[in-house]
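Worksheet: one structure, shown below.
The numbers here are math on the coordinates, done by the rules we state, and not lab data. Quick caveat: nothing in here was measured; it's all calculated off a predicted structure. Glycine gets a Cβ as well: all are built from the backbone with ideal geometry, and neighbour counts include every protein chain shown.
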Amino acid sequence: MASTTAAVASDKKYELPDNAIVLPPTAQLQALLTLIRDENTHRGDFVFYSDRIIRLLVEEGKCLNHLPVVPKTVRTPVGLDFNGVGFEGRICGVSIMRAGESMEAGLRDCCRSVRIGKILIQRDEETCLPKLFYAKLPEDIAERFVLLLDPMLATGGSCIKAIEVLLSHGVKEEKILFLNLIASPLGTDTVCKRFPKLRMITAWVDEGLDSHSYIVPGLGDFGDRYFL
Ligand code: PRP
Ligand code: URA
């Protein structure tokens with residue numbers, strides 16, 4: 001099991017809420033997370049290994065397994081029926097810009113021609129409070145399952161604001177799946193308790209937050225490391 005030695009601002013102990021799912025800590029996942037946490041990892045590798053984790057989240061991370069299916073029978077080329085299942089209902093992705101945009105390609109790789117909405121929320125650098133600038137969402141989003149994308153969950157403020165935008169557009173709380181790479185215990189607890197019908201899937205829950213509300217040990221500013 002990976003461990004950390006960073007100086008950590010004390011964070012109250014939280015139990016993992018029932019609606020939060022954490023990927024199994026396989027050796028592969030831990031190795032990938034170690035690579036992107038390393039301050040010496042340069043941008044090309046950071047993007048490559050982050051994309052690998054995002055792919056695990058979307059594909060293996062049960063993300064798609066959390067969408068409902070209905071019985072579906074197809075006729076195979078040998079003239080027999082196969083009683084299988086098909087996805088029920090349509091989905092869309094919504095990324096919290098900017099860092100959430102890094103997760104769009106992984107979603108597109110797994111969900112053919114998926115529609116993607118955008119919500120631009122930025123944390124104020126002084127107060128760490130989220131500010132909403134812009135939202136552009138599919139017109140029929142209220143009828144869709146929404147995969148909300150943001151790799152970092154710190155205080156939970158940005159995620160909560162994004163969920164409020166979705167709810168104000170008619171999306172049902174139980175139709176939101178929040179996909180995340182690294183979460184703080186506080187952010188996980190705050191988001192999952194405020195929205196108990198939402199489901200959150202994360203690759204890792206870290207130790208806490210520092211005095212600047214950065215996740216520790218974390219990986220620094222995800223958006224800067226992925227895009228700049
Ligand atoms: C980061 C991150 C989340 C938010 C998490 O975005 O991608 O959206 O901070 O922090 P919180 O849980 O305390 O709200 P940031 O506002 O730094 O913008 P960026 O995506 O442009 O880096
Ligand atoms: N946003 C980031 O990119 N990293 C953090 O640790 C917190 C917010």
Report summary line: When Ile21, Ile176 are arranged by how many other beta-carbons sit within 10 Å of their Cβ, fewest first, they go Ile21, Ile176
Report summary line: Volume per residue (Å³) of the convex hull spanned by the alpha carbons of the chain is 146
Requested in this report: Positive end of the charge dipole of the chain (Lys, Arg +1 and Asp, Glu -1 on Cβ, about the Cα centre): tell me which of Val114, Thr76, Ala135 has its Cα farthest that way.
Outcome: Thr76
Query raised in the report: How would you rank Leu64, Leu56, Leu219, going from fewest to most other Cβ atoms within 10 Å of each one's own Cβ?
Result: Leu64, Leu56, Leu219
Query raised in the report: If we count every other residue with Cβ under 15 angstrom of Leu132's Cβ, Lys/Arg +1 and Asp/Glu -1, where does the sum land?
Result: +3
**Report entry** Nitroxide proxy distance, nm - points 7 Å out along Cα→Cβ at Cys110 and Ser211
**Finding:** 3.9
Query raised in the report: What number, in nm² with one decimal, is the all-direction average of the projected area of the convex hull of the alpha-carbon atoms of segment 45-153?
Result: 9.4
Report task. Determine the sum of side-chain charges near Leu219: Lys and Arg each +1, Asp and Glu each -1, restricted to other residues whose C-beta is under 11 angstrom from that of Leu219. Result -> -3
**Report entry** Neighbour-count order for Thr188, Thr155, Thr127, fewest beta carbons within 10 angstrom listed first
**Finding:** Thr127, Thr155, Thr188
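For the pair Lys12 and Glu126, what calculated FRET efficiency results from E = 1/(1 + (r/R0)^6), where r is the Cβ-Cβ distance and R0 = 25 Å, to the nearest 0.05?
Details: r = 24 Å, r/R0 = 0.96.
Efficiency computed from Cβ-Cβ geometry: 0.55.
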Query raised in the report: So, in nm, how far is label Thr26 from label Asn83 when the simple model puts each one 7 Å beyond its Cα toward the Cβ?
Result: 3.1
Report summary line: Taking every DSSP bridge whose two residues both lie in segment 41-174, the antiparallel percent to the nearest 5 is 55
Report task. Taking 7 Å along the Cα-to-C-beta vector as the label spot, tell me the Asp221-Glu173 distance in nanometres, rounded to one decimal. Result -> 3.4
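Taking DSSP loops as anything outside H, G, I, E and B, show the longest stretch in the chain free of trypsin sites (Lys or Arg not before Pro) there with at most 11 other beta carbons within 10 Å.
Numbers: sites that count: Lys12, Lys13, Arg112, Lys197.
Counting at most 11 other Cβ atoms within 10 Å as exposed, the longest clean stretch of the chain is 14-111.
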Report task. Show the residues, 5+ positions off or on another chain, whose built amide H is closer than 5 Å to the amide H of Ile91. Result -> Phe145
Report task. Would you mind checking the pairs Lys12/Lys131; Lys72/Lys118; Lys118/Lys197 and listing those with alpha carbons more than 28 angstrom apart? Result -> Lys72/Lys118
Requested in this report: Under 14 Å Cα to Cα from Lys13, which aspartates and glutamates show up? Leave out anything in the same chain fewer than 8 places away.
Outcome: Asp189, Asp206, Glu207
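R0 = 35 Å: FRET efficiency of Glu39 with Asn65, Cβ-based, nearest 0.05?
It comes to 0.55.
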